[in-house]
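Every number here is computed from the coordinates shown, using simple stated rules; none is lab data. It should be emphasised that the depicted structure is a prediction, and the values quoted were computed from it without experimental measurement. Glycine also receives a Cβ, built like all others from the backbone with ideal geometry; neighbour counts cover every protein chain displayed.
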Amino acid sequence: MIRLQSVSVELDDRRILDDISIDISEKRIGVIGLNGSGKSTFARLINGLQLPTEGIVTVDQLETIKQGKEVRRKVGFVFQNPDNQIVYPVVSEDLSFGLKNLKIARQDMASRIENTLADFKLTHLSDRFTHQLSGGEKQMVALMGVMIMEPDYIVLDEPTTLLDLKNKSRLVSVLSGLPQTILLVTHDLDLLDDFDRVLCFHEGRLYADGSPDRVITAYRDLCSAC
């Protein structure tokens with residue numbers, strides 16, 4: 001379970017999130033809100049990319065401040081722009097990056113890379129140069145780089161922003177079949193219809209929390225009033 005207890009975040013003397021307390025145990029959670037609402041900061045709190053100024057964030061009772069390394073083993077993070085997390089020039093080399101840090105045996109590493117590419121039906125990309133990939137292919141490589149580490153949770157920060165309709169549909173299809181808990185920050189409200197829960201942030205506070213239809217309606221009303 002993910003738990004935030006009286007969490008606030010201040011950056012450059014500006015309060016980005018203000019006194020957030022929430023427990024999350026559902027499998028599919030959407031996060032929405034206007035630009036600057038604090039939703040991306042909230043997402044980064046979950047795996048310790050952002051630490052709270054006040055309060056405590058825990059993932060399965062591990063504190064992000066005190067046990068950040070263990071938390072990041074549990075929580076994978078997929079950035080909006082895959083270029084921010086693709087490190088090596090060849091796809092198979094990039095997938096090996098995180099595994100090397102785990103000191104996995106070379107044979108086991110090769111097997112895990114092969115299986116991950118097969119699971120995503122992307123074996124043909126194994127020896128491709130990453131800079132030659134399309135935006136959709138890069139986003140899938142970024143997701144595979146997270147999945148190969150076998151996390152329990154996956155946080156995605158607006159992963160469809162740079163994708164065309166075909167690649168967006170492909171990414172959504174992959175996400176729907178994953179066993180991990182998914183926390184998806186997005187402006188694509190249609191992606192959240194079958195989610196278990198949606199959180200809406202506004203001006204650093206949790207504005208609405210509940211089923212997709214109820215929270216999305218509240219968000220649309222908010223947008224109309226702004």
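Summary of values
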| quantity | calculated |
| --- | --- |
| Rounded if a/c under 1.5, otherwise prolate or oblate - the range 71-141, Cα gyration tensor axes | oblate |
| Close Lys-Lys pairs in the chain, where close means Cα under 17 Å and separation is 8 or more or interchain | 11 |
| In degrees, nearest ten, helix 165-176 long axis to first principal axis of the chain (Cα) | 90 degrees |
| Beta bridges per DSSP with both ends in the chain, % antiparallel, nearest 5 | 55 percent |
| Length gained when the stretch D119-R214 is fully extended (0.36 nm per residue, less Cα-Cα span) | 30.7 nm |
| The range 174-226-the range 54-91 distance, computed between alpha-carbon centres (Å) | 21 Å |
| Rounded, prolate or oblate (a/c below 1.5 giving rounded, otherwise prolate when a/b exceeds b/c) for the range 161-225 by Cα gyration tensor | prolate |
| Rounded tilt (10° steps) of 135-147 against the dominant C-alpha axis of the chain | 90 degrees |
| Point-to-point label distance, D190-N101, nm (Cα→Cβ direction, 7 Å offset) | 3.6 nm |
| Relative contact order for the range 1-141, counting Cα pairs under 8 Å that sit 6 or more residues apart, in percent | 19 percent |
| Protection-proxy order for peptides 186-193, 136-143, each taking the mean of Cβ atoms within 10 Å per residue, highest first | 136-143, 186-193 |
| Net charge, V78 excluded, C-beta distance under 10 Å - Lys, Arg +1, Asp, Glu -1 | -2 |
